[in-house]
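Chemist: Sharing a structure below in structure tokens format, with a few things to ask.
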Amino acid sequence: MNMDERIARINALYHKSQKEGLTEEEKQEQARLRKEYVASIRANLKGQLDNITIVNPDGSKENLGEKFGGRAR
């Protein structure tokens, strides 16, 4: 399931929950899809942040992914 399909399904389940409610199976699917979506967004953001390079005033370059990417949270 690609991201557009996942978002469409999340939205469909949300609208159904507002109109008529969800079965227990649908609630579990909704929770799983939301977790997958959030994990995907976090991975994409981390990938973007890891590729940021700052050019210092002295002309040296500092890759923030290398500097901060491996830190534990």
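Each reported figure results from applying straightforward, stated rules to the coordinates on display, with no laboratory input. Keep in mind that this is a model prediction, so the values were computed, not measured. Cβ atoms come from the backbone with ideal geometry, glycine included; neighbour counts cover every protein chain shown.
Chemist: Multiplying the sequence separation of Thr23 and Asn2 by 0.36 nm and subtracting their Cα-Cα distance, what value in nm do you get? Mind dumping the intermediate values first?
Modeler: Numbers: separation 21, 0.36 × 21 = 7.56 nm, distance 2.38 nm.
Length gained, Thr23 through Asn2: 5.2 nm.
Chemist: From the backbone phi of segment 17-22, what are the Karplus-calculated ³J(HN,Hα) couplings (6.51 cos²θ - 1.76 cosθ + 1.60, θ = phi - 60°) in whole Hz, Gly and Pro given as x?
Modeler: Karplus-based 3J(HN,Hα) across segment 17-22 equals 5, 6, 7, 10, x, 10 Hz.
Chemist: When the dipole is taken about the Cα centre of the chain, and only Lys, Arg (+1) and Asp, Glu (-1) are charged at their Cβ, what size is it in debye, to the nearest 20?
Modeler: 200
Chemist: Please find, in a Gaussian network model of the chain (springs between Cα atoms separated by less than 10 Å), the residue of Lys61, Lys35, Lys27 whose mean-square fluctuation is greatest.
Modeler: Comparing Lys61, Lys35, Lys27 in a Gaussian network model of the chain, the most mobile one is Lys61.
Chemist: Further, regarding this structure: Among the lysines, which have Cα under 29 Å from the Cα of Lys61 when same-chain residues fewer than 8 positions away are ignored?
Modeler: Counting by Cα, and skipping residues close in sequence, Lys61 has these lysines nearby: Lys46.
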